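Quick one: this structure, given as structure tokens, is what I'll be asking you about.
Nothing in this text is a laboratory measurement; each read-out follows from the coordinates by a stated rule. Just so it is clear, the structure is predicted and the values come from calculations on it, not from any experiment. Heads up, the Cβs are rebuilt from the backbone with ideal geometry, glycines too, and the neighbour counts pull from every protein chain shown.
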């Protein structure tokens, strides 16, 4: 699955989830929600009257959706190809990395009272689902099933050629996910403004309730 697919499908999942969270808080359930957060040790942090728990930073959602590739592709091609057997799905696509990332997000949530790192970690974990990593259990459970990664078969030139061909002859899913990204960009510009998005990562203005 290419980068456009990962970003588009992650946005498709994240936008309605973020909307539901905001609507639940804004519909009069915020007091009960805040009590639950307090009981869990997660008091709502308000910045300029806006709760940090009422929106996702979609900049981090987008980056999170491709974090495994950002880590693994350079290592597999350039930094440590021999160590990783030229494999392009290694540490960043492993369950240990995903677990550590989510735990770091939870820790930041408790300590800093801000969920954005956790949102990014969940987007990163979703990358593994979209890549169907359950078909590569040795990678998912690395290093518990062995320290070596399976041998990769794709060279850098083949990888580039594959993606160039993908751009020249896009698959149906590419059109769908490109449409999702385009729709998201238009939605940001029309509803929130590009300035607000660049500054905060918010898609919609969140009004204090």
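Which of 72, 174 has the fewest other C-beta atoms within 10 Å, and how do the rest follow up to the most? List each step's numbers first, then the result.
Details: 72 22, 174 16.
So the residues, fewest neighbours to most, are 174, 72.
Given the stretch 134-209 reduced to its alpha-carbon atoms as identical point scatterers, what log10 I(q)/I(0) does the Debye formula return at q = 0.26 Å⁻¹?
Result of the Debye calculation: -1.09.
P(r) for the stretch 50-129: what percent of alpha-carbon pairs falls in each 5 Å bin, starting at zero?
Reading the bins upward from 0: 3, 17, 22, 20, 16, 11, 6, 3, 1, 0.
From the Cα trace of the stretch 46-188, what convex hull volume per residue do you get, rounded to a whole Å³?
137 Å³
Using alpha carbon centroids, what distance separates the stretch 70-114 and the stretch 122-158, in Å?
11 Å
Shifting gears a bit: Within a 10 angstrom radius of the beta carbon, how do 127, 163, 169, 109 rank from fewest other beta carbons to most? Can you show the working numbers first?
On the way: 127 24, 163 12, 169 8, 109 21.
Ascending number of Cβ neighbours within 10 Å: 169, 163, 109, 127.
For the stretch 63-209, what does the relative contact order come out to in percent, with C-alpha contacts under 8 Å and a separation of six or more?
This gives 21 percent for the stretch 63-209.
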